[in-house]
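To start, the structure under review is shown below, and the notes come after it.
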Amino acid sequence: MKNSSKCGKCNSDYICDISLGKDTCWCFDYSKILDVKSSKCLCKKCLENELKNRRSKMKYLVTGGAGFIGSNLVDELIKQGHEVIVVDNLSTGKKENINPKATFENLDITTNDGWDIMRGVDVVFHLAALARVQPSIEDPVGFNDVNVNGTLNLLKAAVDNGVKRFVYSASSSAYGDTDNLPQKETHPTDPISPYAVQKLVGELYCRMFSQCYDIETVSLRYFNVYGERQSLEGAYCLVMGIFAQQMLEGKPMTINGDGEQRRDFTYVGDVVKANIAAATLPTVGNGEVINIGNGNNRSVNEVAELLGGEKINRDSVQEPFATLADNTKARELLGWSPTQDFEKWVGEWKDSLGL
């Protein structure tokens, strides 16, 4: 066959675009993804089979895997048949959230020891963090140690142990308090809290590591995640959880300011799908930053009305007035789109709590 190449697996002939004088070919691109030497490119059928097999036998490490989002991600990875290592120090995560089929390592991400567990890991999902704006204002140094130094430790450990890709859980708080809506990845960042600064620094470290250390990275900016296992108590509780706990205790829902601040609530199951796409697709891996948000928003007052019950207002706190994601980039690069109906889920969740 003229201008043909031999498949390194089945030995069949196929036409390679490079042999026809073009700059690249699908066989070359896929071979890089699969770590196959270009001298042994595979035909399209064998490449597709190999990619499918690799995806079905991946080894993942999930930091924060005992937490709200992380445990949902671990469950889905286990369901898909992957090997999963959960790293969590249980400071905010719960042991009962850990999937029994996962390997659990009680490690603090701020330490430099113990990261040989990354050997043989294909992808690290980094979700461990000290989250929330107000607690970070009260303890900026402690939050920085976890959110910045911890992220740097993990990136360096991933490089040292040959991890292929690092998926970082970033935050829409990087945009700050802006009326430039919807928020796009190309918009200026203007963080207004220590937490927001720290999560933005993590993005910059990821991009730099891709440039300097040849590890694939991608940062996913989450917008106000809700869903199964969201906390009802503690400093890291989200507004729905706070309201629900107050109602369960027979107390009125406390609303900061006038309650007209708006949030782009995004379902945890959709966030899980975005993470898996970011871990497996060849369209990302060069330090991209991608919004993961529903693309619509609701006021805090509207959330309170969905739950029903007495409300009281208190002084406002330092927070962005509105979040609203432009998720075009996620749709284009990850083939991702949100699926959950917010009002429907809240109604079902309310019933499950007996409210």
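The values are calculated or read from the model by the stated rules, or taken from the named source; none is laboratory data. The structure presented is a predicted model; accordingly, all values stated were derived computationally and were not measured. Neighbour counts are summed over all protein chains in view; Cβ atoms, including those assigned to glycine, are modelled from backbone coordinates with ideal geometry.
When Val62, Val86, Val121 are screened for being over 28 Å from Val239 (Cβ atoms), modelled with pLDDT of 95 or more and out of contact with any Cys (no Cβ under 7 Å at 6 or more places or on another chain), only Val121 passes.
Taking the criterion of being surrounded by 22 or more Cβ atoms within 10 Å (Cβ to Cβ), out of contact with any Gly (no Cβ under 6 Å at 6 or more places or on another chain) and touching a residue at least 60 places away in the same chain (Cβ under 8 Å), the residues of region 122-149 that qualify are Val123, Val124, Phe125, His126, Ala129, Ala131, Ser136. Contact annotation: residue pairs with Cβ atoms under 7 Å, 6 or more positions apart or on different chains, pairing a residue in region 61-80 that is on the phi > 0 side of the Ramachandran plot with a partner that is crowded, with 24+ Cβ neighbours inside 10 Å and among the hydrophobic types (A, V, I, L, M, F, W, C), are Gly64/Leu127; Gly64/Ala128; Gly64/Ala129.
Being of a type outside the set (Ser, Thr, Tyr), touching a strand residue (DSSP E or B) at 6+ places or on another chain (Cβ under 8 Å) and in contact (Cβ under 8 Å) with a residue 40 or more places away in the chain is the requirement here; does Ala304 meet it?
Numbers: of a type outside the set (Ser, Thr, Tyr): yes; touching a strand residue (DSSP E or B) at 6+ places or on another chain (Cβ under 8 Å): yes; in contact (Cβ under 8 Å) with a residue 40 or more places away in the chain: yes.
Answer is yes for this residue.
Residue check: Pro100 meets all listed conditions (1) of a type outside the set (Lys, Arg); (2) free of Cβ contacts under 8 Å to residues at least 12 places away in the same chain; (3) assigned to a helix (DSSP H, G or I) but one, namely (3).
Which one of Leu155, Leu181 is in the same structural domain as Asn275 (by TED's automatic domain parsing) and assigned to a helix (DSSP H, G or I)? First the steps, then the outcome.
Working: Leu181 fails: assigned to a helix (DSSP H, G or I).
Just one listed residue meets the conditions, Leu155.
Among the residues of region 158-178, just one is charged (D, E, K, R), part of a loop (DSSP other than H, G, I, E, B) and under 23 Å from Pro282 (Cα atoms), namely Lys164.
Residues are listed down the side, and each one gets a yes or a no for (1) closer than 20 Å to Leu232 by Cα; (2) surrounded by 17 or more Cβ atoms within 10 Å (Cβ to Cβ):
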{"residue": "Gln261", "(1), (2)": "no, yes"}
{"residue": "Asp270", "(1), (2)": "no, yes"}
{"residue": "Ile276", "(1), (2)": "no, yes"}
{"residue": "Gly285", "(1), (2)": "no, yes"}
{"residue": "Val289", "(1), (2)": "no, yes"}
{"residue": "Ile292", "(1), (2)": "no, yes"}
{"residue": "Asn296", "(1), (2)": "no, no"}
{"residue": "Ser299", "(1), (2)": "yes, no"}
